[in-house]
1. Quick one: in segment 70-85, which of the residues that are of a type outside the set (D, E, K, R) and open to solvent by 30 Å² or more (accessible area, probe 1.4 Å) is modelled with the lowest pLDDT?
2. Looking only at segment 162-183, how many residues end up being in a helix (DSSP H, G or I) and over 15 Å from Ala51 (Cβ atoms)?
3. Could you please give the count of residues in segment 180-203 that are surrounded by fewer than 17 Cβ atoms within 10 Å (Cβ to Cβ) and in contact with a Phe, Trp or Tyr (Cβ under 8 Å, 6 or more places away or on another chain)?
4. Identify, by number, the condition in (1) within 15 Å of the chain's Cα centre (by Cα); (2) outside any strand (DSSP E or B); (3) among the aliphatic types (A, V, I, L, M) that Ala266 doesn't meet.
5. For segment 42-67, which residues satisfy the criterion of being in a loop (DSSP other than H, G, I, E, B), in contact (Cβ under 8 Å) with a residue 60 or more places away in the chain and more than 19 Å from the chain's Cα centre (by Cα)?
6. Identify all residues within segment 303-337 that are within 19 Å of Leu6 (Cα to Cα), among the acidic types (Asp, Glu) and not in a strand (DSSP E or B); write none if there are none.
7. Please verify whether Lys206 is charged (D, E, K, R), in contact (Cβ under 8 Å) with a residue 12 or more places away in the chain and open to solvent by less than 50 Å² (accessible area, probe 1.4 Å), treating the condition exactly as stated.
8. Mind listing just one residue for me: the one in segment 196-215 that is part of a loop (DSSP other than H, G, I, E, B) and not β-branched (Val, Ile, Thr) and, of those, farthest from Asp279 (Cα to Cα)?
Amino acid sequence: MSNPVLVEVTRGNRVESRHRGAVIVVDGAGRTVFAVGDVDHATFPRSACKAMQALPLVESGAADAYGFGNRELALASSSHSGEPEHAALAAAMLKAAGRSEADLECGAHWSFEQKVLNNQARTLERPTALHNNCSGKHSGFICAVCHSGRDPKGYVAYEHPLQAEIRDVMADLTGSPLDRDNCGTDGCSIPTYAVPLKSLAHGFAKMTTGQGIGTERAKASRRIMEACMAEPFFVAGTDRACTRLMKVAPGRIFAKTGAEGVFCAAVPELGYAVALKCDDGATRAAESMVAGILARLLAEDADVSAQLLEMANHTMRNWNGMEVGRVEITDALFVPV
């Protein structure tokens, strides 16, 4: 099926670009609350599922053993911008396990935050793996492995026991089989698995409500999601969409982006979770989509809904600050259920 246009970008009085996609909202039992587009299509969640991948850190007892609080758990679930606070906290997590940046297998890249990037270019010969947006997740991986008494070397490989454990966790949450047939390699070198959007949303709804999962997993899930909502800066960074969304309604919205136009979110008070994919992989469109659907879910709170709609529908400006166009969601996100 052809997915509907969910976001339009205008310039002047013309539509310049259109972004198609699929969105689904489910409850803890897996019932569909709202859906548009092909939500059964298998999609790589990329970084949107990091909160799921962080579960072994908590369930193994490693997080408690190393004294980790909300910031560390948020960073373990993050795609951070490589700002100084992010790199420093990742280094501290590794140090707690007796490890260092040298143990990270995620690769290195410059900060996503322009001001930080400019400073890095002036002061660093090259970025380190601590600046990688996935260094928090990888630090969490290393801590979980070290706490179990295993060697972290090669922890990114499909065959490593940690990745097998993560597969089991994600299969339990999503209800989808995860194996080499639906496996790809993520940007940070770990396995990523294509699952239907509906299954991905159900996984987050389980984490949000505790339905359909064991008591300890439900407790760990709640702890991770509450940590992310309590420390949104450490989930993303300055002016990033995930951080901004969670700051709109502190403790009421969980949001996590993934590469190639994927976004997941949850509204704990409703017991609902969201998963979406922008077909062309555009981040700007995925961010508008998730803000729009959250505005719909929280429509009874006029102030919060209005702030979310401002994020969904926003002005584009050029380098001179002139208004040149708009990014806006379409009515498809507000069709009756």
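The values are calculated or read from the model by the stated rules, or taken from the named source; none is laboratory data. None of these values were measured; they are calculated from a predicted model. Please note: Cβ atoms are built from the backbone with ideal geometry, for glycine as well, and neighbour counts cover all protein chains shown. Calculation scope for accessible area: heavy atoms of the full protein, side chains included, ligands and nucleic acids excluded. Shrake-Rupley method; radii C 1.70, N 1.55, O 1.52, S 1.80 Å.
1. The qualifying residue modelled with the lowest pLDDT is Pro84.
2. Going through segment 162-183 one residue at a time, the tally reaches 10.
3. Residues meeting the conditions: 5.
4. Result: Ala266 fails condition (2) only.
5. Of everything in segment 42-67, those that are in a loop (DSSP other than H, G, I, E, B), in contact (Cβ under 8 Å) with a residue 60 or more places away in the chain and more than 19 Å from the chain's Cα centre (by Cα) turn out to be Ser60, Gly61, Tyr66.
6. Residues satisfying the conditions are Glu310, Asp331.
7. For Lys206, the condition - charged (D, E, K, R), in contact (Cβ under 8 Å) with a residue 12 or more places away in the chain and open to solvent by less than 50 Å² (accessible area, probe 1.4 Å) - is met.
8. So, considering only residues that are part of a loop (DSSP other than H, G, I, E, B) and not β-branched (Val, Ile, Thr), the one farthest from Asp279 (Cα to Cα) is Gly214.
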